[in-house]
1. For the pair Ser181 and Glu109, what calculated FRET efficiency results from E = 1/(1 + (r/R0)^6), where r is the Cβ-Cβ distance and R0 = 22 Å, to the nearest 0.05?
2. What do you reckon, how do Tyr207, Tyr227 stack up by accessible area (1.4 Å probe), largest on top?
3. Taking all pairs of different Cα atoms in segment 46-114, averaging 1/r and flipping that mean, what Kirkwood radius in angstroms comes out?
4. So if we plug the beta-carbon distance of Ala85 and Gln140 into 1/(1 + (r/R0)^6) with R0 = 35 Å, what FRET efficiency do we get, rounded to 0.05?
5. For the chain, set up a Gaussian network in which alpha carbons nearer than 10 Å are linked by springs, and say which option among Ser40, Ser64, Ser310 fluctuates the most.
6. Which whole-number percent of Cα pairs in segment 211-311 have a distance greater than 23 Å?
7. Between segment 144-207 and segment 278-302, what is the C-alpha centre distance in whole Å?
8. Taking the Cα centre of the chain as the origin and placing charges on Cβ (Lys, Arg +1; Asp, Glu -1), which of Ala236, Ala216, Ala254 is farthest toward the positive end of the dipole?
Amino acid sequence: MTQLIDILRSLADPTRLRIIALLRVLELSVGEIAQILEQSQPRVSRHVRILAEAGLVERRKEGSWVFLRLSPGKATDALREFLGAVPLSAAEQNIVDLDLVALRTVQAERAAAASRYFADHAEQWDAIRSLHVAEAEVEQAMLRLMQNRRLGHVLDVGTGTGRVAELFAPSARRVTALDRSPEMLRLARARLTAHDWPVELLQGDFYALPLGAESADTIIFHQVLHYAQAPDQVIAEAARVLRPGGHILIVDFASHDREELRTRDAHARLGFSDAQIRGWFASTGLLVEASDALSGGELTVRLWLGRRRSDDNPARQEEAQRNAA
């Protein structure tokens, strides 16, 4: 009974119940919760520690920020159902309503911060976009390649502003949006948490993905691989977490000689050849199912769709190899 007693004790405080109510709606940082509750950050941190020790809340560090969410599991599922069923008094409902108003203010501040970032970097991004076809065409090509394929659990590597996660989330079972940069994750959070989608944002590196083996059904690299010093290792790591039969979609530039992208924008690789991608796929147990090329600018955007070999379906392997030939 120790665990049950710990859970009940952790909930025996109005502030902690308010924190749980907020996290039922949205993943928040400790600072944001302190802002909403109008309490000091050390006090909120103490309450969060009690909830975390009871197994109700998970903490995740992103740079200097700590984000919180309700821990997945039967206990929190039961708690959600219980709190949704218990009627509140008029005074209690008023507190909850005021917290939700403050929560909407936090969401608006996130969106404003994202807008400021976009404005500050618009010139840099527009310079790159001007070199290739419109992003709308790229997105349509991505959707076309993934059409009629089960997305399942999607891992969006290098999610950046969260646009690719937003594109595929409505059709996915769940999405993990990963980025190394806390700043980019905050931009993605402002975009993605406005929708009722099963999206988790994680800080991590594409050389060591924070997922277990064979845990993702679809992995997407959209204009990310050219930042890798060792793209073969990145693809091998992606293959590790990809389930048999799962798909990996790489969207990047074809080989080019625009050296300023290396010096100005930190591109480690000036695009990729078809042979390079096919070779890296083959060495990690991936088959190329389809590819596409979008020209119309100084740079050509290439799309490569691979599938991890599945030992229980040799006929489909042979078919994929014939299609890729």
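1. FRET efficiency, Glu109 to Ser181: 0.70.
2. Values: Tyr207 85, Tyr227 110 Å².
Descending accessible area places them as Tyr227, Tyr207.
3. Averaging 1/r across every pair of different Cα atoms and inverting gives 14.4 Å.
4. 0.20
5. Largest GNM mean-square fluctuation: Ser64.
6. 25 percent
7. Computed from Cα coordinates, the inter-centre distance equals 21 Å.
8. Value: Ala216.
The values are calculated or read from the model by the stated rules, or taken from the named source; none is laboratory data. Bear in mind that the values here come from a model prediction, so they are computed numbers and not experimental data. Glycine also receives a Cβ, built like all others from the backbone with ideal geometry; neighbour counts cover every protein chain displayed. In case anyone asks, the SASA skips ligands and DNA or RNA and just uses the protein heavy atoms, side chains included. Shrake-Rupley method; radii C 1.70, N 1.55, O 1.52, S 1.80 Å.
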